[in-house]
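Here the structure comes first, spelled out in structure tokens, and everything after it is commentary.
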Amino acid sequence: MSAPDSTAPPLPLSTKENITPISTKIAELNESRSELLGRIQSLKQDLQGWRSKLDTQVKVYRDELSDLKKTLNVEVEQLRAEFQDLRTTLQQQQEDVTSSLRNLGLQDVSGDVKQAQSQEAKIEEIVKEEQPVLPKEENAKVTEN
């Protein structure tokens, strides 16, 4: 026997034998395709659920931050008002002490006045340092959302 010739045409198979493996492969591919489409649909639903949960969580956090910002701003305003009251009280006490010293005949009250002015300057610095936690631009972004 001689080696098969590579240029020889392949042996013909009956059409029935060819159809069976092809139809089986097509059925397997269709089944695989259906399975993949089902998995893709399931993943899409999972993603949509996660997105919905995340959106809800973000909204809750924004609402909480907005409430905290409002509370903080109210407290800062109360502190400013209290500092202003304190400043007014200190100025009134300074004027009262100065007046009392003048009534007693003491002319050298400049040291007391300078000390009171120093305390007043410190209070003004504290009031100026008080700022809302978020800059105005951030406040606008939080309240818009």
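Of note:
- Condition met for L79 (part of a helix (DSSP H, G or I) and in contact with a helix residue (DSSP H, G or I) (Cβ under 8 Å, 6 or more places away or on another chain)): no
- K44, sole failed condition from (1) surrounded by 11 or more Cβ atoms within 10 Å (Cβ to Cβ); (2) modelled with pLDDT of 95 or more: (1)
- Taken together, L106, L101 contain a single residue that is of a type in the set (A, V, I, L, M) and at pLDDT below 80, which is L106.
The values are calculated or read from the model by the stated rules, or taken from the named source; none is laboratory data. None of the values given here were measured: they were computed from a predicted structure. Here the Cβ is made from the backbone with ideal geometry for all residues, glycine too, and neighbour counts use every protein chain on show.
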